[in-house]
1. Using alpha-carbon positions, what is the distance between the centroids of the stretch B:100-129 and the stretch A:25-96, in Å?
2. For helix B:148-160, what angle does its Cα long axis make with the longest principal axis of chain B, in degrees from 0 to 90 and rounded to 10?
3. From the square roots a ≥ b ≥ c of the eigenvalues of the alpha-carbon gyration tensor of chain A, which class results: rounded (a/c under 1.5), prolate (a/b over b/c), or oblate?
4. Need the per-residue list for the stretch B:55-77: every residue with at least 20 Å² less accessible surface in the complex of protein chains than in the chain by itself, probe 1.4 Å, sorted by number.
5. Please work out the ratio of the alpha-carbon Rg of the stretch B:174-228 to 2.2 N^0.38 Å and round it to two decimals.
6. Could you give the angle, 0 to 90 degrees to the nearest 10, between helix A:70-79's Cα long axis and the longest principal axis of the Cα atoms of chain A?
7. Have a look at the stretch A:78-125 and report residues whose accessible surface goes down by 50 Å² or more when the remaining protein chains are included, against the chain on its own, probe 1.4 Å, ligands and DNA/RNA excluded.
8. Dipole of chain A, Cα-centred, from +1 at each Lys and Arg C-beta and -1 at each Asp and Glu C-beta, to the nearest 20 debye?
Amino acid sequence: MDWQAFWLTLRLGVLVAGVLLLLGLPLAYWITYTRWRWKFLIEAVVALPIVLPPTVLGFYLLIILGPRGLPGRMWQALTGRSLAFSFGGLLIGSILYSLPFAVQPFAASFEVVDRRLLSASAVLGASRLRTFFRIILPLSISGLVTGVALSFAHTLGEFGVVLMVGGNIPGVTRTVSIDIYDKVQALDYAGANQTALVLLVISFLLLTLVYGLNRRRWAAWPWR
Amino acid sequence: MGRVAMEIVIGQSQTHLLVDIQKSFGHAAFQLIASFTASAGFTILFGASGAGKSTVLDCIAGIADPDAGRILAAETLFFDSSSRVNLPCQLRRVGYVFQDLALFPHMTVQANVSYGISAADAAQRSHVLLSSFRIAHLASRKPGEISGGERQRVALARALATDPRVLLLDEPLAGLDFPTRSGIIEDLRNWNLQHQKAILYVTHSRDEVFALGERVIVLEQGSVIADGTPHQVMAAPSQETVAQLAGFENIFDATVVARHEERGTMTCQVGNIQFETPLVRAEPGTKLRVGIRAGDILIANRRPEGLSAQNIFGGTLTHLRQRDVIMVAIVNCGLELEVHLTLAARNSLALRAGSEVWLIVKTHSCHLMRTS
């Protein structure tokens, strides 16, 4: 078991889930409540990573984050370091790759919050922010947990994007899934099996948590 | 494009609500024109569904924006298109009880009621309201754990907690049985004795109009077609909605079952009982409405014999109450019918809730109306 890769993957997963919680909530709020007529374009862009092969996403990211892309050049000019083949680049790639897995459950759970409750809150004098934190968020807990858990689990299991953007640098970009691939290449089936089993168990526990929490009574509120 | 134009003035002499607005709806050709004034106390907006009642309330509350016009409440300008004022919903301080109540399901009764109170004395103020609406014992329960009537009380208390400039009630007591309803109305009246707010009360229940009404405004297809006390409005039944309001305490859906040309009558199915009605041009299977005035129904304490009337139904007297000088009885004979009788009749028949009674309805007391 490559513990360095394990901890790196865990760190990546937690960071991705955390950033997506902060980034995904306003984005999901906007998608749910905006009346902008072109919002379906944004929805399509957010959903792209679901259907796109990870290598395609990874390829474009590599171009953009690399010395030929504008963001990559700017980062290099600012920090003197390259984003490609770094943990930072890996983080950006993973965030984009898992974006729909956070935003879609968030938006879906916002969508089912009765609009009349939001009107009631506003009539009672609550600001949009207060309505969001006191009404929308508490009634969307199951969607929040689902989004965070799925983006975390999805990050643990990613392979193509990591390989394209991060490569395989121990302690920097080598994640568990890369490690498994490496071990199989080296015919170390016992080692690959051990790591794969850990990943399987973690993923299973996470999904159990998600489905278990979704059975809470406010997820399927019988009375409105 | 339909437009909404209305002018409403509500409130005491020093606290008015004035609404004079226009609103277009993208698809339906719908025009709402309303103009009226009201003082503190109940003002009833009466009309069929789709008449524009809820739109009026939403515009006052700031949930819906008019295209043009003016709304003024308690000397505060809510909306004025000419000076480009549109006070956000949050700042209007309007008490609004929604038709579906819209209680926050994840909060306790206490948290629901104090939600709109920002003051430091929120706990104390909400407790006073909880007590005056008899729900203090439910403070720590959630809306899903209490009865329908209790939820309605919570919604009222929550709306009153903000010390609103005006109170908007959208069929707040729909679906409640009669004793629960009158209990809540009584508590609301008591509360308003102290506070003297203008209360705009939307309903399509004729019973509520008479139970509450100092003042009734009848809306039909976006226009005010009558305005006055319930008795004034009733006296001149010029329109369909008013005719319904004035005429019939009992209105039911009916289906023609058979025609009896030789007798000049028809048999109509109403719920699970059959009425003999006058013959009109309608084939069996036609859906009609049948209206029966509560004062046209006779009541007997044993099965009558040797009568000309064809409609004789046995049932149970479920409620009996006094309104002015008449007794209002609700009789369940497979169908709930409202019957009016004199105080003397009640005494001589020794009627009380639970009594077994017989109802007699003359064929020509059944008025048939086309469904619209």
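1. 44
2. Computed tilt is about 30 degrees.
3. oblate
4. Buried by the other chains: B:ILE63.
5. 1.25
6. 70
7. Listed in order, they are A:ARG116, A:LEU117, A:VAL123, A:LEU124.
8. 1080
The values are calculated or read from the model by the stated rules, or taken from the named source; none is laboratory data. All values derive from a computational prediction rather than experimental measurement. Positions of Cβ are backbone-derived with ideal geometry, glycine not excepted, and every protein chain shown enters the neighbour counts. Accessible surface areas use protein heavy atoms only, side chains included; no ligands, DNA or RNA. Shrake-Rupley method; radii C 1.70, N 1.55, O 1.52, S 1.80 Å.
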